[in-house]
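Taking it in order: structure first as structure tokens, then the write-up.
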Amino acid sequence: MIDLYTAATPNGHKVSIVLEELGLPYTVHALSFDKKEQKSEGFLKINPNGRIPAIVDRANGDFAVFESGAILIYLAELSGKLLPKDPKGRSVVLQWLMFQMGGIGPMQGQANVFFRYFPEKLQGAIDRYQHETRRLYEVLDTRLQAVEFLGGEYSIADIATFPWVRGHEWSGVEVDGLPALQRWMATMEARPAVQRGLLVPERIDDASIIKGAQAMLIR
Ligand SMILES: N[C@@H](CCC(=O)N[C@@H](CS)C(=O)NCC(=O)O)C(=O)O
């Protein structure tokens with residue numbers, strides 16, 4: 001049994017989607033950013049970075065994993081699915097996973113901060129992060145013109161990327177003119193496990209999301 005510590009955010013959804021795809025049983029612990037539960041002493045023992053998502057594998061000596069990319073790799077390796085075993089196939093999936101973890105996540109995350117949550121409207125910061133996110137989407141589109149899924153076959157790279165790209169409107173970034181990316185988004189949205197994963201934990205309203213995100217900006 002896996003304990004999942006999460007919230008209704010793109011990084012949280014990556015893990016609920018992968019757990020649904022793999023059919024692994026899990027218990028959901030929804031943390032409130034508003035109450036700063038992600039910074040509690042108990043949770044910092046699971047994730048020293050004080051952020052969601054994190055898991056604890058109760059069947060494996062209460063093994064804790066933080067960082068969503070590391071969680072996806074752990075769960076894929078545990079089940080032998082969604083990550084090829086041959087070095088080249090595995091490398092391709094990990095390249096696109098790292099592209100999400102080091103690029104789309106941080107850039108789009110900052111686009112959200114400056115476009116939605118920050119108390120001042122800093123147009124230079126908004127432009128910088130929205131343009132960089134759009135540029136990264138264009139890289140995805142070019143890749144997806146050549147292959148159906150980012151790693152060739154469906155993998156944890158798609159699962160890591162989709163929850164971010166589906167939130168493009170929230171970040172103020174267009175997907176117009178990116179047909180391969182839109183085709184891939186429709187394929188991802190149609191997967192029942194993706195649909196189930198996006199419902200975990202229960203979605204909160206937009207005003208509460210903004211309130212929780214603004215609480216994170218205050219250290
Ligand atoms: N690189 C981390 C990022 C995790 C992250 O930024 N989580 C956000 C929600 S998407 C969070 O917990 N924010 C709360 C905070 O910053 O206090 C990962 O991929 O797991």
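The values are calculated or read from the model by the stated rules, or taken from the named source; none is laboratory data. Please read these numbers as outputs of a predicted model, since none were measured by experiment. We place every Cβ from the backbone using ideal geometry, glycine too, and count neighbours over all the protein chains shown. All accessible areas refer to the heavy atoms of the entire protein, side chains included, with ligands and DNA or RNA removed. Shrake-Rupley method; radii C 1.70, N 1.55, O 1.52, S 1.80 Å.
Considering region 106-193, the qualifying helices (runs of 4 or more DSSP H), each wholly inside and each with 2 or more residues that are in contact (Cβ under 8 Å) with a residue 24 or more places away in the chain and open to solvent by 10 Å² or more (accessible area, probe 1.4 Å), run over 123-146, 179-189.
Filter region 77-95 down to the residues that are of a type in the set (A, V, I, L, M, F, W, C) and closer than 12 Å to Glu153 by Cβ, then identify the one that is farthest from the chain's Cα centre (by Cα). The extreme case among them is Val92.
Would you list the strands (runs of 3 or more DSSP E) that sit entirely within region 1-74 and hold 1 or more residues that are of a type in the set (Gly, Ala, Ser), more than 10 Å from the ligand (Cβ to nearest atom) and surrounded by fewer than 18 Cβ atoms within 10 Å (Cβ to Cβ)? Give the steps one after another, and end with the answer.
Numbers: elements: 2-6, 26-30, 54-57, 63-66.
Those strands (runs of 3 or more DSSP E) span 26-30, 63-66.
Kindly indicate whether Leu94 is within 16 Å of the ligand (Cβ to nearest atom), open to solvent by less than 20 Å² (accessible area, probe 1.4 Å), of a type in the set (A, V, I, L, M, F, W, C) and at pLDDT 95 or above. It is false that Leu94 is within 16 Å of the ligand (Cβ to nearest atom), open to solvent by less than 20 Å² (accessible area, probe 1.4 Å), of a type in the set (A, V, I, L, M, F, W, C) and at pLDDT 95 or above. Residues of region 38-86 that are closer than 23 Å to Gly103 by Cβ and of a type in the set (A, V, I, L, M): Ile52, Ala54, Val65, Ala70, Ile71, Leu72, Ile73, Leu75, Ala76, Leu82, Leu83. Screening Ala111 with (1) assigned by TED's automatic domain parsing to the domain that holds Ile17; (2) touching a helix residue (DSSP H, G or I) at 6+ places or on another chain (Cβ under 7 Å) gives one miss only, at (1). Evaluate the following for Glu77: is it modelled with pLDDT of 95 or more and within 10 Å of the ligand (Cβ to nearest atom)? The answer is no for Glu77.
Within region 75-105, take every residue that is charged (D, E, K, R) and not in a helix (DSSP H, G or I) and give me the one that is nearest to His168 (Cα to Cα).
Taking region 75-105 as the starting set, the residues that turn out to be charged (D, E, K, R) are 77, 81, 85-86, 88, 90.
Checking the rest, the ones that are also not in a helix (DSSP H, G or I) come to 81, 85-86.
Numbers: Lys81: 28, Lys85: 32, Asp86: 33 Å.
The extreme case among them is Lys81.
Restricting the first member to region 69-95 and to residues that are closer than 10 Å to Val18 by Cβ and of a type outside the set (A, V, I, L, M), and the second to residues that are open to solvent by 30 Å² or more (accessible area, probe 1.4 Å) and part of a helix (DSSP H, G or I), the beta-carbon pairs closer than 9 Å and six or more apart or on different chains are Lys81/Glu21.
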